[in-house]
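None of the figures in this text is laboratory data; all of them are computed from the coordinates on show. If you're wondering where the values come from, they're calculated on a predicted model, not measured in any experiment. Cβ sites come from the backbone with ideal geometry, for glycine too, and all protein chains shown count toward neighbours.
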Amino acid sequence: MASGLGEFLRSLRRGLVQGEQNSPARGDTQVGEVARARRRRDDTSMPTPLQREPCKTRPVFELCAKGSHGSYMERLPSEIILKIFSFLDAFSLFNISFVNKQFHDLANSNALWSVLYASEIEKKMWRPRVSMIKEAVSSTIVEEKPAGYWKKLLLKEMAGYKDTMWKTELKHMNPHTGMPALTEHVLRRLHIQWEITLTNRHGRESVYEQTHTFFEDSSVTVCWSQGAWPCMYTVNSLQLHGIMCPASPAPGDKPRWRSLIRKTALQRTGHCSFFGADRLVKVLQFDKGIIVGLWRGNWKIAFIMVNLHFHKLIERSLLGSRFCPYLPADDNAVDLDYSRHGYTLHIVLHNPVQRIMCQRFSPLYTRRVMSQGEFVQLIAIDFANVSEHVPVTKFSLPWQAHGLQGEVERCCMMTLTVLDEAQRPFWCVSSTVKMYRRQRVLDLENEGEQFIVLYGDAEGKVKMTFVWMEEFQHYFLVQLVTMFPTAKVKRHFSGEC
């Protein structure tokens, strides 16, 4: 009886509240909300036997994080994290050290890397005695070594057999160029390629693989012309990386190691200059010899070209990291007398298709020039000596992209190598150069039009003068001069020049 009366009263109250909500005279929103709140309170105040209070659950990570600061992994004891790290291989342990500072300190523990080093030594063909291995990585010796010692030792051991092989091959020098004679062979055998990474204003990266390479005696020209290229004004920076691709890549292969060679900011106007154009593209030149071809009218990238010198090219393509380039160690100083003896100059003018000119000059002797600071000058071709003048074919820079092709006139690649008397590289340049028309400054017997090619950086300068012979349809190189700061000569030879 009581339950029936209670149910009747609740029904009556709900009807009255509903009537108040539907009444136009009392349609105030606040009154309706109060009525609905009363109804919910009345419904929950007298639960029926069939009603059950719902179970409130919370995720486990909320319970773990309650009353604490930091992630769940950070609150684990260091001993447990080290135990987890002990099941990782060298590649995974190296990568996990970049997660945070705690992982970096723990992943560089000598206790972990000494065990990996011992297992790596056991894989070698010569297999030393087990007692020698245990003695080498005993707990006492491990603790005595500085942090990161066994890590460096293991990484050198893992790459040692490959380094020994190609470093031995690079010891054989080409007597004509002064560069390793088997550089192209080693690059192809190791499957070394180069990638371009473009970063836009929002930090998004796009990677492009090479489409064409052209090898010369002392350099390689790499071209990229395929893919969906962005507009030039949306790109913030360009990075050039060297990679070693597997001969037969598999779907489960680990990410390839990238070695930074160059990084250029494309939005800085001081790093860019107009290089040339034809009826389809216009070409811009950036620092360090990077040229970018843009489609006329929309500023969309058509192709990118880079000329790379063979000097330390394999080391720069393999031994750097994704963010830091390879820095070669300084060679031992040469006898001071070599700075006063003859130099050797090897120069090649070429494009991505063919060679235009190749000359070698030796020996060359220095003289001081004080006109624009203190420089040391090497004159390879003197305009007064007609017998030294060299004929050169037409300058051009052919390109190909998306099924179209063209040719930019009076532009090409220059690869220049200067060697000291000990045949050590003194100055190595790989860059694009452009020919400019100039007034007749040199008093020559030929009446042809004169052109000049200039190149300069912090290490030296190059000046070439050409004369166009209409009857032969050839250029003649009538002057070739290189200059170096005396400070560079002193630094190279560790003394006075």
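General remarks:
- Note on ALA384 and ALA228: their simple-model spin labels are 6.3 nm apart, each label 7 Å out from Cα toward Cβ.
- Per-residue packing, averaged as other Cβ atoms within 10 Å, sorts the ranges 103-116, 80-93, 181-194 into the order 103-116, 181-194, 80-93, beginning with the highest.
- Rh by Kirkwood over Cα pairs, then Stokes-Einstein D for the stretch 342-493 at 1.567 mPa s and 4 °C, µm²/s: 78 µm²/s
- Sorted on the mean count of surrounding Cβ atoms within 10 Å across their residues, most packed first, peptides 457-463, 289-295, 385-391 read 289-295, 457-463, 385-391.
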